[in-house]
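The values are calculated or read from the model by the stated rules, or taken from the named source; none is laboratory data. Only a predicted model underlies this, so the values are computations on that prediction, with no experimental measurement involved. Cβ placement follows ideal geometry from the backbone for every residue including glycine, while neighbour counts extend to all protein chains displayed.
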Amino acid sequence: MVTGWPRKRSHRGCRTLTAVDPGGATRNVRSRASVMVKKKQPRLIAEMARKIRAYRELKSRPRESQKYALDYGTMKRPHTGKMLPVLAWQDVRRESRLFSLLAGMRLFGVGRLFTRKSWLADHTEPSYWQITKVKVDYTSENMDHGKAWGVLTLKGKQESEVKEVDKVMYHDWRLVPKHVEQQLKDFEPAPEPPVRYVPYPPLLRAMLLAKHKRAAGSVLAEEPLLPLQRDVLLSKDYFRRQEQEAIKREGTAV
Amino acid sequence: MAASIWKRCATAAVKVKCLSASLPARRWLLSSAYTDATVWEAREKDPQNLALLATTMDRTYDRNLPVSSLSVSRFVDNISSREEIDQAEYYLYKFRHSPNCWYLRDWTIHSWIRQCLKYGAKEKALHTVKNKVQYGIFPDDFTFNLLIDFYIKDGDFKSACSVVEEVMLQEAFDLPSTQIVSLYAMSSYQATRPQLAVSEERALGASLLICGLQQDNTVGLSAQLLGNALLGKVEMLEGIHAVFRGMPLFWGHGYLGRALAVMERAAASSGDVRLTKDALDYMNDLLQELSSTSDSDASGAESVGEEEEQEEKEEEEENVKKEDQMDEADQAERAKLPQYVTRFKELSSQLESEGKVDSASFQDSVSALAQQNLAAAEKPDLEQYLSRVQAWEADNRQLIAREKEMRKKAEEEKRERLAAKAAAQQA
């Protein structure tokens, strides 16, 4: 209850308090409560307006050609008015977007390989996308924008699923000519080095050994080793599960 | 019916072959059986009123509904005059900029090129093929062959070379007939010694390289050498990015080095593979020209004349801008030029000593190759074309049947809706 704040409701509440009644307190609270927490009226027109606004926003989504249009003179995007980062300017002038290459090809380049200049600079192993499906934005002038799906081969390791091609609108893409395709595909990635193991820190090791002794009754024969590589996706679910498991376990070892 | 047409084509081909053996020089390459339009005209016709089709398409576009590829193919098939070709071009453009642009049929494109050539609109055909992004015209190999041959017949080697450039951009040098015809066009164009701008040189070099990679003989290797040399010249003048931008070319530096590698391969190969003399001469001239321009650039930067100061300043500004565009890698490439010159001299003397230099000119070797191999290459093409035409007809019939079904279904639904509305109104 906020005191010293001019409110009509509190006045009303105070007035009922003055009546002396054995069951008055409860009745007062109920009536005060009913006055304070008014039942929320459903605002139908506001709901409808919200739905209409959501629908209109859905309908007026900018097309890819509008979103990613670029003024090459000032390096600004007319849609948002933002300027591209300076380190990208040279690339934007020299290289081309993926769909600028796809527009001039039969069947929009389905089945062809495309690399990115940044991959060529960063990795020595070949990385490329093989395009399987294309959805072009037909409102663009030179069929310059759209979405593409394909199979990625990163650093020589091919993935198994078709995914949407990332960063299609970046001025970074290069077509792999047919006479160079075989050279890229023939590359065999070096096998991954085996996972290294390392002894645990001393306190943690002592805890593990004590826990094992308590649980099994005998001393652990082999040294517990910590793998230096863990295939665990650290997400909120993972941490929540870990907490729940920790709660189930009782106390600490040692 | 198809069998009798095939027999007719075969006998016509045989007749032409006998004739060609007696003629000393051929003005055209592909046999008349290849360019014959009888098979194409003998398809079943689907007569439609063009004005009606046009109005239907306009109304569909106005209502923002997708136009089917069938209507566009019907429009192109039923063209009967030159003005209608312009109208068809407009509708092809609109179709390309609609959601159905993917579904433009192969037979529509083939039919479009044939109609353009029939009604004397070859510039229009070339214009649509060059602006393939806007019109969506991606002809298949047979159609490309027809188009190149048409230009060769007219003696217009420059346009034939632009068509070959389009073939290169699609990397469609799969059929041996396409390779032979394009090499012929390019060699004839080269023989006329035209003055080429840098972009034209780049296009010609790229087409020569990619076409030559498919062939493994004298002609092929010489074409590869010429192609690499031209691309190396562009690389020296403007940097590697100007070479592979927009073209299906490898982005690695050192095209001149690759030209020298072709010469090494020719020298090291044990077969009858040789390099034509005029290709080697051309490369020699090119290297001399490049080294002289690089020397003059170096000397021009040092000397400053008083009267020409302003001109020099403008030139220097241009040079500075160009040098900004050039990377260090490009500068390193330019520095290797003297090494290339010495290596070229070594390799050419080695080739001459091994007797691997063919004295016939590039054009003559290509014509010889054409006379030997073209007839053999045409036969499988023709067979494939006939089977493809039949497949297209089957697809066309299927599309027409599907359209009829959809119309029937739409009418039934409309009738049901009207009946339901009438029933609701009565009740």
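The residues in the stretch A:106-120 that are at the interface with chain B (Cβ under 10 Å from one of its Cβ atoms) and without any contact (Cβ under 8 Å) to a residue 60 or more places away in the chain can be counted, and the count is 6. Given the structure, is B:L249 in a loop (DSSP other than H, G, I, E, B), surrounded by 21 or more Cβ atoms within 10 Å (Cβ to Cβ) and of a type outside the set (D, E, K, R)? When the stated conditions are applied, B:L249 passes them. Where helices (runs of 4 or more DSSP H) fall entirely within the stretch B:322-427, those with at least 3 residues that are of a type in the set (D, E, K, R) and touching a residue at least 12 places away in the same chain (Cβ under 8 Å) are at B:328-335, B:362-426. Taken across the stretch B:139-162, residues that are surrounded by 24 or more Cβ atoms within 10 Å (Cβ to Cβ), modelled with pLDDT of 90 or more, outside any helix (DSSP H, G or I) and within 14 Å of chain A (Cβ to nearest Cβ) do occur, with at least one present. Considering the stretch A:141-158, and only residues there that are within 14 Å of chain B (Cβ to nearest Cβ) and on the phi > 0 side of the Ramachandran plot, the residue that is modelled with the lowest pLDDT turns out to be A:M143.
If you filter the stretch B:127-138 down to residues that are part of a helix (DSSP H, G or I) and buried (at least 22 other Cβ atoms within 10 Å of the Cβ), you find that the one that is farthest from the chain's Cα centre (by Cα) is B:T128.
Only a single item in (1) modelled with pLDDT of 90 or more; (2) more than 14 Å from chain B (Cβ to nearest Cβ); (3) at negative phi is not met by A:E188, and it is number (1). Screening B:I109, B:I113 for residues that are of a type outside the set (F, W, Y), more than 14 Å from chain A (Cβ to nearest Cβ) and crowded, with 21+ Cβ neighbours inside 10 Å leaves exactly one candidate, B:I113.
Listed conditions (1) surrounded by 20 or more Cβ atoms within 10 Å (Cβ to Cβ); (2) hydroxyl-bearing (S, T, Y); (3) under 30 Å from B:R82 (Cβ atoms) are all met by B:S188, apart from (1). Of the helices (runs of 4 or more DSSP H) lying entirely inside the stretch A:73-165, those containing at least 2 residues that are out of contact with any strand residue (DSSP E or B) (no Cβ under 7 Å at 6 or more places or on another chain) and exposed (fewer than 13 other Cβ atoms within 10 Å of the Cβ) span A:117-122.
Being in contact with a helix residue (DSSP H, G or I) (Cβ under 9 Å, 6 or more places away or on another chain), modelled with pLDDT under 90 and among the aliphatic types (A, V, I, L, M) narrows it down to one residue among B:A368, B:A427; which is it?
Only one candidate passes the filter, namely B:A368.
When the residues of the stretch A:46-97 are narrowed to those that are of a type in the set (A, V, I, L, M) and touching a Leu at 6+ places or on another chain (Cβ under 7 Å), which ends up farthest from the other protein chains (Cβ to nearest Cβ)? The qualifying residue farthest from the other protein chains (Cβ to nearest Cβ) is A:M75.
Take the residues of the stretch B:163-212 that are assigned to a helix (DSSP H, G or I) and free of Cβ contacts under 8 Å to residues at least 12 places away in the same chain: which is nearest to the other protein chains (Cβ to nearest Cβ)? Once the filter is applied, the top-ranked residue is B:S199.
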